[in-house]
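The values are calculated or read from the model by the stated rules, or taken from the named source; none is laboratory data. This one's a predicted model, so the numbers in the text were calculated from it and none came from an experiment. All Cβ positions, even for glycine, are placed from backbone atoms using ideal geometry, and neighbour counts span all protein chains on display.
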Amino acid sequence: MRQSRLFTKTLKEAPSDEQAKNAQLLIRAGYIHKEMAGVYQLLPLGLKVVEKIKQIVREEMNNVSGQEMLATTLQRKDLWERTSRWSDEVVDVWFKSELKAGGEVGFGWSHEEPLANMMINHISSYKDLPTMIYQFQNKLRNELRAKSGIMRGREFLMKDMYSFAETEEQHEEMYEASKVAYTNVFNRLGIGGDTFVTFAAGGAFTEFSHEFQTVCEAGEDITYINREKGIAINEEVLAKTDLSELGVTQEELVETKTAEVGNIFNFGRQKGEEVGLFFKNDAGEKVPVWMGSYGIGITRVMGVVVEKFADDKGIVWPESIAPFKVHLVALNTDDDEIRDWSDGVYTALQKLGVEVLYDDREARPGEKFADSDLIGIPYRVVVSKKSKEAGTFEVVTRANGEVRNLTEEELYEDFVE
């Protein structure tokens, strides 16, 4: 991507009505556009980051035999009434509308009911179990407040997965495998060291659940953590939790601000029974399917990463989800010889399979460097008259500011994986 052709522009200031650091930086750097409170459009750079996050999640869900699909956002009233979750008193984040043909329709805030109902067509025998399905889809939630940028939006991208099992034991195997898969996801996203499997309340889902909470000052949750023992308990259930069973005392737990980046729920047989998802076991008995639900907030994770790693200059992306690996910054582009050389380096890196954002704009060096810091690509490679004379390139690592001077041969060797 040539930066001169990128339609988005960096901004010196974020919109005055945007309070969240993650959204301020993402807007200024040209990753997202704010449509209204809690609603953001993904611009080309933002979409590239989201697709990188999705691919990591996809690979780990596939590793536990998840099968990807895509459900409709429109929700049937009668289906949700079977489980009492159409009621605004039970679920207070519904967006609903009247159909011109008559009746009401909801807009998906979650998908347990419709996907369990869909599986009636595909599960009839214990031989059809176990199975897991997942999707990436925009969820719509009528949040009262949307003040945390893309960490809590009224529209957001989510990975939601659903497991269907014959027995509790079969369910537990998938549940525990999903915990491991989630841990792998957050490690690959660069936040694993600060993300904890957390005992939590189930809210509109179940009585209890497990959340994945990431230490983050901008988070909306309070979690009590013992890092040494790897134990974390959400504030909401601390009083209900028998700490002695966990081998920890309250004095050993540290109150910490966190952001929820994932959650997993055990529905037991209740959801299957309510929806009508039954199967015949090996004794020929008709039994409700045992269900589980597993979510990761894709855009929320993106916001949490920005909050955790950004510095006073701008965004700092982990290499695994950065929109590009290298930001090639060309100076002295009014010199035809330098411009041709810069173009050649850009072409060579591309041929080596390196993802490159090439700043070929006619702009001052200070402006280019400031934009590079703001955008946050892991490595900045500077091409200039000075570097051509020296026979080396200045390579700056965004995360720690390390500066290296590499020859052209060393440069290409360094970025080939």
Please work out which residue is farthest from Trp341 (Cα to Cα), limiting yourself to the stretch 384-404 and to residues that are of a type in the set (S, T, N, Q) and modelled with pLDDT of 95 or more. Asn400
Residues that are among the small types (Gly, Ala, Ser) and loosely packed, with under 10 Cβ neighbours inside 10 Å, drawn from the stretch 242-260: Ser244
For Asp371, only one of the following conditions fails: (1) modelled with pLDDT of 95 or more; (2) outside any helix (DSSP H, G or I); (3) touching a Ser or Thr at 6+ places or on another chain (Cβ under 8 Å). What is its number? (2)
Would you confirm whether or not the stretch 171-185 contains a residue that is modelled with pLDDT of 95 or more, on the phi < 0 side of the Ramachandran plot, aliphatic (A, V, I, L, M) and in contact with a helix residue (DSSP H, G or I) (Cβ under 6 Å, 6 or more places away or on another chain)? yes
Within the stretch 399-417, can one find any residue that is in contact with a Ser or Thr (Cβ under 6 Å, 6 or more places away or on another chain) and in a loop (DSSP other than H, G, I, E, B)? yes
How do the pairs read when you match residues in the stretch 369-380 that are farther than 10 Å from Ala399 by Cα with residues anywhere that are at pLDDT 95 or above and assigned to a helix (DSSP H, G or I), using Cβ under 9 Å and keeping only pairs 6 or more apart or on different chains? Asp371/Gln3; Leu374/Leu25; Leu374/Arg28; Ile375/Leu45; Arg380/Phe369; Arg380/Ser372; Arg380/Asp373
If you go through the stretch 382-390 one residue at a time, do you hit one that is under 15 Å from Ile315 (Cβ atoms) and in a loop (DSSP other than H, G, I, E, B)? no
Can you find a residue that is more than 27 Å from Asp311 (Cβ to Cβ) and either modelled with pLDDT of 95 or more or within 16 Å of the chain's Cα centre (by Cα) (or both) anywhere in the stretch 13-24? no
Report, ordered by the first and then the second residue, all pairs with beta carbons closer than 7 Å, sequence separation of six or more or different chains, a first member in the stretch 78-104 that is at positive phi, and a second member that is surrounded by 12 or more Cβ atoms within 10 Å (Cβ to Cβ) and in a loop (DSSP other than H, G, I, E, B). Ser84/Val90
